[in-house]
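> Before I ask anything, here is the structure I am working with.
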């Protein structure tokens, strides 16, 4: 029988079958069934993984036990994390120096590794980038020239009366008899000025500590307020007419500061306007495509963390005289946990690449990633708690925290039910619709 060997003259590739061990077995790497990365990308992964392991995990666990006000207080270890993260030099300007082919891999690996360390802190770093990132994408160089990327960023879109419907600027999910009602925050656009008044909800990530906001709100151009014709404005938050509510106490992602922001006739030059009312739908579509892809990567990392904790525990914990991994049900559960991590990673990587290189990102595809990864993160974390048994629900072990962090993700950046409905409407092909009577 002919030996099956690599066709690569340099000798790379799979070993010949006859050279396999008699008991074939492959140990997957840190990133599962992943081929080796480009050297530069792998160096970035190792650097971020080191921060995630040595800084984010212990700090995230500590902040999880503190009050929301203590998390943001002077002397909190939140600032220690932010200082360590800043040393990585991950900015919009720096990312722009990489080969475009590398960007999707860097994006996914960055946020998977960060959320493997701590989901809340990972989301904090993600929203940090948004004001400058979206300004660059919309061709506004004023923001980069005027505001340092050292400023802590945030994204303000949801309001006390408007949650996931804030992400539905074309009204695709609205009931025919529904009424959006009164917007809580409005930008009045006049000649050369933008004047902002109103409130953004307590779910503004980084809100209590942010210094620069990318604000999505209704617009008034002199003909009344139409929430479907909103505005996207970059707002420095050092104005005395801007105040912040108390940081939000919540179940999960407690290391991520979230809170209300109030605007009282805040006046800005028109250069701060990224997206005018006539282009508002594009503005919402653009940021939502990016945010949902980021959520896919982050909660792949969250699921992976839960799986790795469970995997290690199953080899250490003995019941019935053997490590519990020897019990069939435990081995089966680990298999399905690993499968879900792999699926989340694969769909997020695939969609990130598609949306990077396609002429226009597919929002419904980004929603595939967000809904899949967050649902899998919850399921994997729940299985991890179950595998730890009674230990899983105690504060002594990390899986109960990961479970709480994962649970929040099904609501974050658009609750999954709304995303599924809106994503379904984006999949409708008008050319295939049967004519109506």
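The values are calculated or read from the model by the stated rules, or taken from the named source; none is laboratory data. Because the structure is predicted, anything quoted here is derived from the model rather than measured. In this analysis, Cβ positions are derived from the backbone assuming ideal geometry, glycine residues included, and neighbour counts consider all displayed protein chains.
> Between residues in the stretch 407-435 that are assigned to a loop (DSSP other than H, G, I, E, B) and residues that are at pLDDT below 90 and crowded, with 16+ Cβ neighbours inside 10 Å, which pairs lie under 7 Å by C-beta distance while being six or more apart or on different chains?
414/164; 414/167; 415/164
> Scan the stretch 234-243 and tell me whether some residue there is under 25 Å from residue 64 (Cα atoms), assigned by TED's automatic domain parsing to the domain that holds residue 204, touching a residue at least 24 places away in the same chain (Cβ under 8 Å) and out of contact with any strand residue (DSSP E or B) (no Cβ under 8 Å at 6 or more places or on another chain).
No, the conditions are met nowhere in the stretch 234-243.
> Test residue 395 against the stated conditions and say whether it is over 24 Å from residue 57 (Cβ atoms) and in contact (Cβ under 8 Å) with a residue 12 or more places away in the chain.
When the stated conditions are applied, residue 395 does not pass them.
> Sticking with this structure for a sec: If you go through the stretch 236-248 one residue at a time, do you hit one that is touching a helix residue (DSSP H, G or I) at 6+ places or on another chain (Cβ under 9 Å), farther than 30 Å from residue 61 by Cβ and not in a strand (DSSP E or B)?
No, the stretch 236-248 has no match at all.
> If a residue must be farther than 19 Å from residue 324 by Cα and buried (at least 18 other Cβ atoms within 10 Å of the Cβ), how many such residues does the stretch 377-397 contain?
2
> Among the candidates 339, 345, single out the residue that is surrounded by fewer than 21 Cβ atoms within 10 Å (Cβ to Cβ), in a helix (DSSP H, G or I) and modelled with pLDDT of 95 or more.
Residue meeting the stated conditions: 339.
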